[in-house]
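First comes the structure, then the notes that go with it.
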Amino acid sequence: MDTTSRLLMLLEVVERGSFAKAAETRNIDRSVISKQISRLEDDLGVRLLNRTTRSFSLTAAGAEMIKKAAELRELLADTVRLAENYHQEPRGVLKITSSTIIGRRYLQPVINDFQKRFPQVEVELRLDDKLVDLVSEGFDLAFRVGEPKDSSLIARKIARNRLLLLAAPEFINTYGMPKSIDDLADLPAASYSSTSLRVDGIRYIDHQGDIQEQKIKSVFRANDAEVLVEKTLSGTTYVLAPAFIIGDEIKSGRLIPLLTDVNLAQYSAMYAVYPHRDLPVRTRLFFDAVKEYIGKDIPLWEKNIPDFEQMYTSR
């Protein structure tokens, strides 16, 4: 292993926060990482890390080396992208991350077609509802709901993300059809809840154009949208759901939209996020294929909902 490779390994250790996590990412033993960092220190003739049995800290020299390692990684990535763009036929590894439901429903069909068209492109798809570090983990594209908080990343809007209120016929038979949004306050709801987001109310726009919020009585919470749909199909809760998680449940009559005259506030849109403006050919072509598949103005998933254009808007 050369000095460049060891510097990039040191960068991974610092970004992951431990030797063990860096080793897990590379699928190698922790001792290999430790040995290579020691070799790097020997080669450079300077201590880079102050180590204890449980943690480490950067020395002044180590902090400077980390800056250079990050610049080196960026330079190497630019070099690879430049070379790849000279290929007439897209090739190489396309590394993508997204939430589970987006990946299964809207990316996998595109991937299947894309690899038929460009068989020299390998695709690595990680489905994870947790945000990942695109740069340090080497991802080309991420598909997320909401703009990234990291201003160094590039975000392009893919599609809007409208919401709707849903319940099963059994729920309506039990509790009656709500007549106003206030009626939902005491009815059992299913709601999304994760370490980064907890939905505990319904945001809507009143007749004066002001944002209001109706608190909900959540009796079931989960961090998986499909689980929330399954719970709602049981007839025991209603749910405030993004349209992209809906399949044929409304067309088949298994779920019924509630209070369609309420002007629901739109949720954060779906974005494609990437770390560099100069995308390799394979990444750019895949990005364009996803946009075409989902649709420009009306997203693909909204076509599953009859008369959705007239629901949950001001008229």
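Condition check ((1) polar (S, T, N, Q); (2) under 34 Å from the mean Cα position of the chain (by Cα); (3) in the same structural domain as residue 278 (by TED's automatic domain parsing)) across all residues:
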{"position": "35", "(1), (2), (3)": "no, no, no"}
{"position": "44", "(1), (2), (3)": "no, no, no"}
{"position": "53", "(1), (2), (3)": "yes, no, no"}
{"position": "66", "(1), (2), (3)": "no, yes, no"}
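Of everything in segment 230-249, what is part of a loop (DSSP other than H, G, I, E, B) and under 12 Å from residue 169 (Cβ atoms)? Give them in sequence order.
Initially, segment 230-249 is screened for residues part of a loop (DSSP other than H, G, I, E, B), giving 234-237, 246-249.
Those that are part of a loop (DSSP other than H, G, I, E, B) and under 12 Å from residue 169 (Cβ atoms): 234, 235, 249.
Restricting segment 272-306 to residues that are touching a residue at least 24 places away in the same chain (Cβ under 8 Å) and within 30 Å of residue 181 (Cα to Cα), which is surrounded by the most Cβ atoms within 10 Å (Cβ to Cβ)? Even if it seems obvious, please write down each step before you answer.
Here is the first cut: in segment 272-306, the residues touching a residue at least 24 places away in the same chain (Cβ under 8 Å) are 272-283, 285-287, 289-291, 293-295, 299-302, 304-306.
If we keep only those that are within 30 Å of residue 181 (Cα to Cα) too, we end up with 299-302, 304-306.
Details: 299: 20, 300: 15, 301: 22, 302: 19, 304: 16, 305: 20, 306: 11.
Per the stated criteria, the residue is 301.
For residue 265, only one of the following conditions fails: (1) under 19 Å from residue 99 (Cα atoms); (2) surrounded by fewer than 19 Cβ atoms within 10 Å (Cβ to Cβ). What is its number?
The single condition residue 265 does not satisfy is (1).
Please enumerate the residues belonging to segment 190-215 that are within 17 Å of residue 228 (Cα to Cα), of a type outside the set (Val, Ile, Thr) and in contact with a helix residue (DSSP H, G or I) (Cβ under 9 Å, 6 or more places away or on another chain).
190, 191, 192
Quick one: is residue 159 touching a Lys or Arg at 6+ places or on another chain (Cβ under 9 Å), surrounded by fewer than 19 Cβ atoms within 10 Å (Cβ to Cβ), modelled with pLDDT under 95 and not acidic (Asp, Glu)? Spell out how you get there, then give the answer.
Working: touching a Lys or Arg at 6+ places or on another chain (Cβ under 9 Å): yes; surrounded by fewer than 19 Cβ atoms within 10 Å (Cβ to Cβ): no; modelled with pLDDT under 95: yes; not acidic (Asp, Glu): yes.
Against the criterion (touching a Lys or Arg at 6+ places or on another chain (Cβ under 9 Å), surrounded by fewer than 19 Cβ atoms within 10 Å (Cβ to Cβ), modelled with pLDDT under 95 and not acidic (Asp, Glu)), residue 159 does not qualify.
Need the failing condition index for residue 227 against (1) in a helix (DSSP H, G or I); (2) in contact (Cβ under 8 Å) with a residue 60 or more places away in the chain, just the number.
If we test residue 227 against (1) in a helix (DSSP H, G or I); (2) in contact (Cβ under 8 Å) with a residue 60 or more places away in the chain, just (2) comes out false.
In the set 215, 157, 130, which member is of a type in the set (Lys, Arg) and touching a Gly at 6+ places or on another chain (Cβ under 8 Å)? Steps first, please.
Details: 157 fails: touching a Gly at 6+ places or on another chain (Cβ under 8 Å); 130 fails: touching a Gly at 6+ places or on another chain (Cβ under 8 Å).
Just a single option satisfies the conditions, and that option is 215.
Please count how many residues of segment 60-73 are without any contact (Cβ under 8 Å) to a residue 40 or more places away in the chain and closer than 16 Å to residue 12 by Cα. Can you show your working first?
Residues of segment 60-73 that are without any contact (Cβ under 8 Å) to a residue 40 or more places away in the chain, as a first pass: 60-61, 63-64, 67, 71.
Adding the requirement that they be closer than 16 Å to residue 12 by Cα leaves 63-64, 67, 71.
Final tally of qualifying residues: 4.
Would you point out which residue out of 221, 203 is over 18 Å from residue 102 (Cα atoms), of a type in the set (Lys, Arg), touching a residue at least 60 places away in the same chain (Cβ under 8 Å) and not assigned by TED's automatic domain parsing to the domain that holds residue 101?
Working: 221 fails: touching a residue at least 60 places away in the same chain (Cβ under 8 Å).
After ruling out the rest, the residue left standing is 203.
Mind listing whichever residues of segment 219-245 are of a type in the set (Gly, Ala, Ser) and either in contact with a His (Cβ under 6 Å, 6 or more places away or on another chain) or surrounded by fewer than 19 Cβ atoms within 10 Å (Cβ to Cβ) (or both)? Explain how you work it out, then say what you get.
Our first condition is that a residue be of a type in the set (Gly, Ala, Ser); within segment 219-245, this holds for 222, 225, 234-235, 241, 243.
Residues satisfying the conditions are 222, 234, 235.
Looking at segment 69-78, can you tell me whether even one residue there is over 30 Å from residue 47 (Cβ atoms) and outside the structural domain of residue 46 (by TED's automatic domain parsing)?
Let us first name the residues in segment 69-78 that are over 30 Å from residue 47 (Cβ atoms), namely 78.
Okay, now just the ones that are also outside the structural domain of residue 46 (by TED's automatic domain parsing), so 78.
Scanning segment 69-78, I find at least one residue that is over 30 Å from residue 47 (Cβ atoms) and outside the structural domain of residue 46 (by TED's automatic domain parsing), so the answer is yes.
Among the candidates 218, 252, single out the residue that is assigned to a strand (DSSP E or B) and more than 24 Å from residue 314 (Cβ to Cβ). Give the steps one after another, and end with the answer.
Details: 252 fails: assigned to a strand (DSSP E or B).
After applying the criteria, what remains is 218.
Among the listed residues 294, 246, identify the single one that is in contact with a Phe, Trp or Tyr (Cβ under 7 Å, 6 or more places away or on another chain) and closer than 30 Å to residue 78 by Cα.
Just a single option satisfies the conditions, and that option is 294.
Could you check how many residues of segment 255-294 are assigned to a strand (DSSP E or B), under 29 Å from residue 311 (Cβ atoms) and not aliphatic (A, V, I, L, M)?
Residues meeting the conditions: 4.
The values are calculated or read from the model by the stated rules, or taken from the named source; none is laboratory data. On a predicted model such as this, the values are computed, not experimentally measured, just so you know. For neighbour counting, all protein chains shown are included, and Cβ atoms are generated from backbone atoms with ideal geometry for every residue, glycine included.
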